[in-house]
1. Within the set of other residues whose C-beta is less than 9 Å from the C-beta of Phe67, count the net charge using Lys and Arg as +1 and Asp and Glu as -1.
2. How charged is the neighbourhood of Leu14? Take every other residue with its Cβ under 13 Å from the Cβ of Leu14, and add Lys/Arg as +1 and Asp/Glu as -1.
3. Sorted from largest to smallest, which semi-axis lengths in Å does the alpha carbon gyration tensor of the range 428-559 give for its equivalent ellipsoid, taking the root of 5 times each eigenvalue?
4. Shape of the range 1-99 from its Cα gyration tensor (a ≥ b ≥ c, root eigenvalues): rounded if a/c is under 1.5, otherwise prolate when a/b > b/c, or oblate?
5. Can you tell me what the convex hull of the Cα atoms of the range 480-537 projects to on average, as an area in nm²?
6. Give the whole-number value, in cubic angstrom per residue, of the convex hull volume spanned by the C-alpha atoms of the range 239-558.
7. Under 8 Å for C-alpha pairs, at least 6 residues apart: give me the relative contact order for the chain, rounded to a whole percent.
8. Based on DSSP H runs of at least 4 residues, each adding -39500 (n - 2.57), what is the mean residue ellipticity at 222 nm of the chain after dividing by all its residues, to the nearest 500 deg cm²/dmol?
Amino acid sequence: MAIIGLPVRVGNHLFNCGAVIQQGRILGAVPKTYIPCHDGFSEGRWFASGTRAVKDRVMLCGQEVPFGTDLLFEAKDRPDVCFGIEICEDLWMPIPPSTYQSLAGAVMIFNLSACDEMVGRHQYRLDLMRLQSVRCIAGYVFASSGVHESTTDMVFGGHAAIAEYGKILAQSERFKSEGQLIFTELDIQKLLNERRKNAGLMETIPSREFRKVAFSLGSREIRKLSRKISPHPFVPEDAEKRHERCREIFNIQVNGLAKRLRHTGSKRAVIAVSGGLDSTLALLVTAKTFDILGLPRENIYAVTMPGFGTTERTYNNAISLMKAMKTTIDEIDIKPACLQHFKDIGHDPSVHNVTYENVQARERFQILFDIANKIGGLVIGTGDLSELALGWCTFNGDHMSNYSVNCGVPKTLIRFMVRWAADNEVDVKTREVLYSILNTPISPELLPPSATGEIDQRTEDIVGPYELHDFFLYHMIRYGAQPGKVLFLAQQAFEGVYSREVIKKWLKVFCERFFSQQFKRSCLPDGPKVGTVTLSPRGGWVMPSDASSATWMNQIEEE
């Protein structure tokens, strides 16, 4: 299919049009709506606005074709694949024609342009495309005239770009004498999912009626995408953007906790510090919150509670961090209480099963809540978004708190958050401790360490790599991708890192755990939403606790 710009004479008027051609047939011609008159240039010398057309069909190259600003083009067998056309200046207007086109079903917009180059215009044009693709929840494809046009008063750069929902996927190099071709794929399913979730868009009634022109979509199997699929979608690749993302999330966490402390009148907080990444970030957030509220850090009761799996490394990290942060330090060995509990319930402590592990988690949080009652403080939750997705938390143990500051932050971003805080929020001594924690393997430390005293229970050996699970979570929850598509995208993103078989193995684990562990998410404590993916049962992820994973699991098996 091709879309070509050309002048079309209809009656006494000349129109600046985009004509759609496929297999020797002209499917339709769409005239430009807004005719510019500025900077001493008036396109109105030659062209009339498409709104002045009095015919809805014209003869063009010996064919009678649909004509007008009310045309959309729709695939015969895939009505969800629909596009519209606007011309150059149309994009620059307060309400571009593409706005109405998208409300009527167009999920792709094509803009044929003769946009001259001026200082600052290039970035402004890109911003317009990005923002219009967001407003329309669509793909936006733009192509402009090149350097071989007349340069009497203007120079054209041959700019072409493809945007999708706020992101520029591909663009040409301007001012090239040679011809250029840019290409990429647009994710129609992702865009349609975004539209279905947008209640405001669904309630907007299109103020214009459109005629639909059918075209043949054809079929083509795509084995390799030309567009880049980020393996870490929660983490910006650009260092400056990543810095800004971490700063913004940290501020959201801090201000969320500050409001809760003000509202409850609490001037103290209780937090478990294990020497791991999650509790470290939660403590950093809590300390910053107390600073902005003018509360002494001594009012933060940081408690380390060594258990059967605690190693010397994490214990030392925890103690060093609490000292560096100048909090009140409390150390309670939970092993005697757990052994007594094993005796009470008749459990053999040599049996290292889920009972053995969860007794420790629940003992720790019983201690935290009781200390909070004693001092009149709030228990600060440390669990993150990835753990909630997998249900990798003990129900009514580390699953519970008075306010959960990390609940919206995925595991792949936690590490960057701690590193960002080390480089931007703390003194040199605290920075050294944070980097020691960053270099420690992720573990719940609920099973005894190795014979050499090292961490023997590594979370990612049990549930799988968090970078895979965060990838699955992002594409399934954020964009409604089915498991088959997620598997395909993961293969593109992690090519050379994980084989298809390994990705498929952990995708099964994710799907099974995501469904079976929903009951934990159905009763989560409050915590701040920091991004577009949230599993809160109140304002984010509403799902029955007894939903079946069978459909998803069957689809994975069929792949």
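Please treat every number below as a calculation from the coordinates, not as lab data. Predicted model, so just to flag it, every value in this text is computed and none were measured. Please note: Cβ atoms are built from the backbone with ideal geometry, for glycine as well, and neighbour counts cover all protein chains shown.
1. Neighbourhood net charge equals +1.
2. +3
3. Over the Cα atoms of the range 428-559, the semi-axes work out to 28, 21, 16 Å.
4. oblate
5. Its average projected convex-hull area is 5.0 nm².
6. Output value, Cα hull per residue: 146 Å³.
7. Computed value for the chain: 10 percent relative contact order.
8. -11500 deg cm²/dmol
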